[in-house]
Every structure is written in C-alpha cells, then in structure tokens.
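Everything on this sheet refers to the single structure shown next.
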Amino acid sequence: MDPLISFGAMLLIVCILMSGIEPSVSILRLLRTGSLSGYQLARLLRGVRPEILSDGTGLIYPMLQHMECEKLISAAWKRPGRGRRCRCYSLTSKGRRLLARQADEPSR
C-alpha cells in the first residue's frame, strides 16, 4: 500500500471500485482534451461524477498519484500565465490504450 495515500482515501477508492465505478476512467476521459490541473479535474469531476468527490476535493489527489505511478498519466509543474505554479496532468500512451480498451468493451 502506498504510504502517501490515507486510509480514508483508500477506503473510498475501494468502495468506488467494488461498486463497479471506475473513477480513473472518468479522469482519463477528461484528460483526453489536454493537460489539466488537479483543481480543474476536481471541478470537472464534481459535475460529471459527484459521488467520487462527495467528501471533498482532496480525495482526487491520491487517485492522481496512483494513476501516475501506474503510468496512466504524467504530471509536470506549470505556471499558467502569471498565476501560481500548479501540477498539471496529461494522458500517457498507456492511458490512451486503456481508454481505447474501455471503449471497445460492452457496457455492463
């Protein structure tokens, strides 16, 4: 178990996965359009999949960290305009392949 992921976040992720919901696929789909910060992803997910962020936006970061470790996404520090630096996430080729497989599978 990754020591950087809190027990509460892991429990939420396990519950989501056991219920058949795959939050990582939602994140990958959002990243198809381009690089996004964790905050931007959280705002978008709140509209698309509110159950993922029901306990707050902080739970998205352990998911992003796990997906980065799995090489589904990559992250880089960027400074948009004159604003503060933020960590932006992008889809990797492995993440694109996973999305393609998901699209080929029949719906449950």
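Just so it is clear, none of the values below were taken in a lab; they were calculated from the coordinates. Bear in mind the structure is a predicted one, so any value in this text is a computation, not a measurement. Please note: Cβ atoms are built from the backbone with ideal geometry, for glycine as well, and neighbour counts cover all protein chains shown.
Judged by the mean number of other Cβ atoms found within 10 Å, the most tightly packed of the peptides 66-72, 98-104 leads the ranking 66-72, 98-104. Between Arg29 and Glu105, the modelled label-to-label distance comes to 1.3 nm, taking each label 7 Å out from Cα in the direction of the beta carbon. Each of Thr92, Thr33 was scored by other Cβ atoms within 10 Å of its Cβ. Listed from fewest to most, they are Thr33, Thr92.
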